[in-house]
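Okay, so here's the structure we're looking at.
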Amino acid sequence: MSFLYLKSLHIIFVVTWFAGLFYIVRLFVYYAETAQKPEPEKSILQTQFALMQKRLWYGITWPSAVLTVIMGLSLLHYYPEIPGWLWAKLGFVAGLLAYHLYCHRIFQQHQRGEIQQSSTQLRIWNEVATLFLVAIVFLVVMKSGLNATWGVVGFIGLSVVLMLAILAYKKLRKA
């Protein structure tokens, strides 16, 4: 029974972690877009977005990431031998943690008032979390029934669709 409680908590914290990651990058986009605003609008918006980023990052995203990892690692002892699909999932989770740490770097830049990425670059960056989410969910649900070749093709296909959607959105915004 404790396995199911741990698994439930793990899923809850995964959801809140991804919610935080998706929203923080949207706040990064909005912050970057303030660079074109005239004063005092620029300063007012940057101050507000920096505050929103700080509250989200330290109040939801970081705690959720830590609790997700703790719950996930506590589930590992229920597996006498780690199956291949779980190794692949752990690889994607490691990638997601690297993504999280890079988001932390962007967060720190914004807290210092620095903008090093364009809003378009940040929109693209936002979709990376989507790719991790799709890969991890398919691995967990399909387990060893997932065909690696079709998994890679689907991953690449989704990446292309997301990039085309970003380009289309960029054209619509300019129109």
- Counting Lys and Arg as +1 and Asp and Glu as -1, each charge on the Cβ, what is the dipole of the chain about the Cα centre in debye, to the nearest 20? 340
- In region 13-49, which residues have a backbone nitrogen under 20 Å from the label point lying 7 Å from SER118's Cα in the Cα-to-Cβ direction? 25-38
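In the chain, what is the count of Lys pairs whose alpha carbons are under 20 Å apart, counting only pairs at least 8 residues apart or on separate chains? Spell out each step's value before the answer.
Numbers: LYS7/LYS89; LYS7/LYS143; LYS37/LYS170; LYS37/LYS174; LYS42/LYS54; LYS89/LYS143.
Number of lysine pairs found: 6.
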- Query: Expressed in nm to one decimal, what extension gain is obtained for the pair ILE166 and ARG26 from 0.36 nm per residue of sequence separation less their Cα-Cα distance?
  - Reply: 49.1 nm
- Please identify the trypsin sites (Lys or Arg not before Pro) of region 49-135 that satisfy two criteria: DSSP loop assignment and at most 11 other Cβ atoms within 10 Å. Which are they? ARG112
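Counting pairwise Cα distances across the chain, what percent come out greater than 26 angstrom?
I get 39 percent for the Cα pairs in the chain exceeding 26 Å.
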- Which is farthest toward the positive dipole end of region 1-154 among ILE115, LEU51, ASN126, measuring Cα position about the Cα centre, with Cβ charges +1 (Lys, Arg) and -1 (Asp, Glu)? LEU51
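Mind ranking 4-12, 68-76 by how tightly packed they are, going by the mean number of other C-beta atoms within 10 angstrom, highest first?
Details: 4-12: 13.8, 68-76: 15.6.
Result, highest mean Cβ count within 10 Å first: 68-76, 4-12.
So if each residue of separation counts as 0.36 nm, and I subtract the Cα-Cα distance between GLN109 and LYS37, what length gain in nm does that give? Show your work: numbers first, answer last.
Working: separation 72, 0.36 × 72 = 25.92 nm, distance 1.87 nm.
Full-extension gain reported as 24.1 nm.
Just to be sure I understand the rule: take each whole DSSP H helix in the chain, project its Cα atoms onto its long axis, keep it if the span is 27 Å or more and its mean Kyte-Doolittle hydropathy is at least 0.0. Which ones pass? Walk me through the numbers on the way to the answer.
On the way: long enough: 2-33 (47 Å, 1.34); 84-111 (40 Å, 0.25); 119-142 (35 Å, 1.59); 148-174 (39 Å, 1.25).
For the chain, where a helix must reach 27 Å along its axis and average at least 0.0, the hits are 2-33, 84-111, 119-142, 148-174.
Each reported figure results from applying straightforward, stated rules to the coordinates on display, with no laboratory input. In this text the structure is predicted, and so the values were computed from the model without any measurement. Reconstructed Cβ throughout: ideal geometry from the backbone, glycine too, with neighbour counts over all protein chains shown.
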